[in-house]
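Trainee: Take a look at this one; I'll ask things after.
The values are calculated or read from the model by the stated rules, or taken from the named source; none is laboratory data. Note that the structure is predicted; figures quoted are calculated from it, not measured. Reconstructed Cβ throughout: ideal geometry from the backbone, glycine too, with neighbour counts over all protein chains shown. Surface accessibility is based on the protein's heavy atoms, side chains included, excluding ligands, DNA and RNA. Shrake-Rupley method; radii C 1.70, N 1.55, O 1.52, S 1.80 Å.
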Amino acid sequence: LVPFAEPRETPQYRAQPHDLTAPSPRRHCSMVVYRASLYILGGFDVNDQALGDLWEFRLDTRIWSRIVPVRPGTRNEMQDDAAEPCLPPAARAEHTAVVHDGRMIFFGGYDGQR
């Protein structure tokens, strides 16, 4: 057990550059870290509605981007406008997510009704 000790120096905080795009406030979302990014999926919004959106936060640039799902094999890069879109994941909260073999796998959770 380590006793509580006051910090020797007061931490300094500064604003970090960012764009104005960011995910809406949420709770009970899943979050994974892969390479230099943090990803969040779903959760409940402030009105307790289940969300199905996927966001990436680049740790090096501190910029959020919404990730739009596309059909496998129709893109080479994350932001390829020529990619064929597909249905997003069903809205969910209180679920689990992991990264395995370069893919985000999520399962379980609650869709707001069951």
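Trainee: Along the Cα→Cβ direction, 7 angstrom out, place labels at R35 and R114. What is the inter-label distance in nm?
Mentor: 3.8
Trainee: Using 0.36 nm per residue, how much length does the chain from V68 to A90 gain when fully extended, once their Cα-Cα distance is taken away? Spell out each step's value before the answer.
Mentor: Numbers: separation 22, 0.36 × 22 = 7.92 nm, distance 1.31 nm.
Net length gain for the segment: 6.6 nm.
Trainee: Counting only protein chains, not ligands or nucleic acids, how are F107, F57, F44 ordered by accessible area (probe 1.4 Å), most first?
Mentor: F107, F57, F44
Trainee: So how much slack lies between H28 and V99, counting 0.36 nm per residue of separation and subtracting their Cα-Cα distance, in nm? Let's see the in-between values first.
Mentor: Values: separation 71, 0.36 × 71 = 25.56 nm, distance 1.80 nm.
Using 0.36 nm per residue and subtracting the Cα-Cα distance, I get 23.8 nm.
Trainee: Kindly report, to the nearest 10 Å², the accessible surface of H95 as traced by a 1.4 Å probe over protein heavy atoms only.
Mentor: Its accessible surface works out to 20 Å², give or take rounding.
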